[in-house]
Each structure stands twice: as structure tokens, then as C-alpha cells.
Amino acid sequence: MRPGGTARICMPALNLLHDLAATKVMKEEGLTFCILMCLSLREACLLRAVQRLFLRVLKGRVVPLLALNERNWKIVSHYMNVSADIFFQGQPRFEYSYDAICVEAALHLDFEGLRVLARRGYNFTAVHGHPRLLAFAREALRSGRLSHLSALRALEFDYSSVVAACAAAGEMSEQLQLDRTVAIDFLGSRLVFRRPALEFTGRDYIEQEIAALCASREGLFRVPFVLASFLRAGACSGCLVRPDSCGYLLLLALASESFNFVYLLIKEAIHLEAVFECYRVQLLQLVVRALEHRRFVALDLLCFCGYSLECSSADVQNKFDSQLLGCLLDEDFAPVERMCRLGFSLRGLAERNEAEFSAYVQSRLEAMPQAAKTRVGSTPFVEVVAGTQKPPPPPPFEIIQVS
């Protein structure tokens, strides 16, 4: 049996179901839904050329539920966008319970799912009294799992009442009552942090220690090592990468061009988009400096984090026009490629610098062999390069309907 309580469908049965879906035998929507929910998400998306009823049930109910059960956040995000955006008018809609998604993601320590909610401005305090999360915190206190408690704190979940209840009942794990020591050796010095284990996930302790290190330039090189040690001890980077906490660490990691440092910060981060917004000016300055000094690693790391210039105004994007236009004229495409990955609009560049861009394209057309010109066809080359509209995002799955 599958975790959702459904049996796995063997390939002959799937073929039979596919044949049934292509006929007009099934008329009852409820029965169709029950049968299709026996599939996995992969099996449901493998169905092809199904009749209209199956297509409606698949896209409108089965696929979004299976995606949530299997925590396929790409498809879940697609349905969230469909429900919230008139751009998707006419596509099947499915309304998720954000509270249920939050609880499931938290119980499975699925930070990607929590990040999907944070990206949509979800208020995590809505589930702070949820009995399943309280039971999750109680079990973590009994078993001494600091990582679970730290993940709850990343959601600003207050489990102090659970701590008091477990302490009064004598159910607290001994591991949480003992002192925990984190020691990091540097050349000629050693840093030692000693606290009761539960305080490592307590409010502000780690933030204060890291802020003290960042207060002096001489201590900055120690920050990645101290951070890695705290995470190894059970802390969660989601507690740190927040606008009201140590979000500035992301700037430090990007400026140091350290993939390991950046990965430590973002692998469990929940509020990345809020950090991007909070440090919008500083991140833009970082992009400008990185492009100016050809520090492509910093640009690649920004792209890896999910940072984008796509929503920036034209006034922001035109800061890069002269540099990128010069790169195009010199046929230096590495900076242009990386800036486009960050969401820079090549079409906007062409529109703002129409004369220069047209002259550039025309000179390259004249230098092309005649055979290559013929392949371009009658469409102006400027439109081929920069004039096409960005197509709407395709759905993450495709099921074909038969008439």
C-alpha cells in the first residue's frame, strides 16, 4: 500500500485504465475520481488521449491532490498561480488549504514547501496552535531532536508551553538538559560556545553570537565556520535567513563568492524573497559591482539563490545598458548571458537603444553568409533576437483530450 492508502497500479492495469479513459464507458465523476486517485502522480500524468470527463477530473481534482500528497511543489505552485492570477483564465482551478500545506510541510521538514507559502505572503502564525504541530514539538522534546525544534522556530512557532509541560511531567530528553559544546579551531586560536542544548534553538542566542563576529572585519572570515558548526549542532538556517534576523549573512556569502557558504544559508531558508526585498538596494549594488569587475561567480550564485531582476523597473534595468551594449558590440557574450539569467530584459535593451541595437544586428546580418541569411527567413533579425514576447509559463504536465 502507498502512504496515501492506495495500492500501486501495475503496468497492465494502467494500460487497461488508459483504454477505459479513452472510451465513453465511465460517466460518473465521483467513481472516476476514486479510480484515478489510485494512481501515482507520475502514472496520472502518463495518461494520454483521455475523454473530456477524465480530463476534467484529472486536471481539476486528481493531479493537484496527488501533487500535494507527493509534495511536488512545482505542480502545486502551478495550481496556486492558476487560482490567484487572471492570466490563467480558463484553466482548471483548485483551491488549496494553505494551513494544511504548512502543517504537512513542517511535519516532513520540507523547506521547499514552506518557501512556496512564504513566497505568497502566507502568515505562518495561522498554525501556531495546531495540535499536530504541538504533538510534533512534544515528540521532538521527548526524543531530543534539536533540528525539529529549530525548524519550528524558523516558523516562529512558540513551543514554550510544550517545554513547560514536558519538564513538569519529566518527559524531557536528557540530551536537551545537558550542556552542549561547540568548539572551532582556527590557526592560533579556538572559539568555544557552551550552552544547554535547548538554548541552541532558543531565541536570539545564535543570532547574537554571529552578530558579534560580524561586528569586526577581522572576525568575518570565521562566520562560515561558526555557522556550519551551529547547523551541525542542530540549528536551522531558516531561523537566520530572515529580514528581522541575520539576512545580511546572505550578502556576506555572495560577496565572498563561496558556494558552500551560500548553500548552507539557503538550503533550509524559508523567507528568501523577503530577504531579497529587504536588501534590494544592496543586492543591486552587488550586481553592478560584479558586472563591472567581471565577477561572474557572484552573478552565478545570485541566480542559484533565485534572485531576479525581472520585476525591477526600467530605471533599474537601464543601469546596465551601456555595459551590456558594449559587451554585445565586442561579442563578449558571457556577461550578457548571466544578466539574462538574472532576469535582465534583452528586449528592453533593444527598445531603449533602438538605433545602436539595429546597427549592431544589421552589421552582423551583412557579415553572415548568404545561406545563413536565407535560413533566417523574412522575419527581421531584430525581432528574432529581442522582439519576441516572453511566452506564458507552460503547465508542468500535459494530458491530451480526445473529442
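The values are calculated or read from the model by the stated rules, or taken from the named source; none is laboratory data. Fair warning: this is a prediction, and the values are worked out from it, not measured in the lab. Every residue, glycine as well, gets a Cβ built from its backbone with ideal geometry; the counts of neighbours run over all protein chains shown. We work out accessible area using only protein heavy atoms, side chains counted, and drop any ligands, DNA or RNA first. Shrake-Rupley method; radii C 1.70, N 1.55, O 1.52, S 1.80 Å.
Some notes on this structure:
- Among residues of the range 57-80 that are at positive phi, those with a beta-carbon under 9 Å from a residue that is part of a helix (DSSP H, G or I) and aliphatic (A, V, I, L, M) at least six positions away or on a different chain give the pairs ARG71/ALA105.
- All positions within the range 266-285 that are hydrophobic (A, V, I, L, M, F, W, C) and within 26 Å of LEU114 (Cβ to Cβ): ILE266, ALA269, ILE270, LEU272, ALA274, VAL275, PHE276, CYS278, LEU283
- Matching residues, the range 337-362, being buried (at least 18 other Cβ atoms within 10 Å of the Cβ), over 16 Å from SER313 (Cα atoms) and at pLDDT 90 or above: ARG338
- Count of residues meeting criterion [among the aromatic types (Phe, Trp, Tyr) and modelled with pLDDT of 90 or more] in the range 222-243: 1
- Where SER322 falls short, out of the listed (1) open to solvent by 30 Å² or more (accessible area, probe 1.4 Å); (2) under 30 Å from SER147 (Cβ atoms); (3) part of a helix (DSSP H, G or I): (2)
- Any hit, the range 279-290, residues being out of contact with any strand residue (DSSP E or B) (no Cβ under 7 Å at 6 or more places or on another chain), on the phi > 0 side of the Ramachandran plot, open to solvent by 10 Å² or more (accessible area, probe 1.4 Å) and at pLDDT 90 or above: no
- Applying the criterion of at least 2 residues that are surrounded by 13 or more Cβ atoms within 10 Å (Cβ to Cβ) and among the hydrophobic types (A, V, I, L, M, F, W, C) to the helices (runs of 4 or more DSSP H) found wholly in the range 155-245 leaves 160-168, 205-214, 223-232.
- Among the conditions (1) open to solvent by 40 Å² or more (accessible area, probe 1.4 Å); (2) at pLDDT 90 or above, the only one that ILE270 does not satisfy is (1).
- GLU257 being more than 28 Å from ASP110 (Cβ to Cβ), open to solvent by 30 Å² or more (accessible area, probe 1.4 Å) and assigned to a loop (DSSP other than H, G, I, E, B): yes
- Answer residue from the range 296-319, given it is aromatic (Phe, Trp, Tyr) and more than 23 Å from TYR360 (Cβ to Cβ) and is most open to solvent (accessible area, probe 1.4 Å) among those: PHE304
- Test: residue in the range 140-149 that is assigned to a helix (DSSP H, G or I), of a type in the set (S, T, N, Q) and open to solvent by 10 Å² or more (accessible area, probe 1.4 Å): yes
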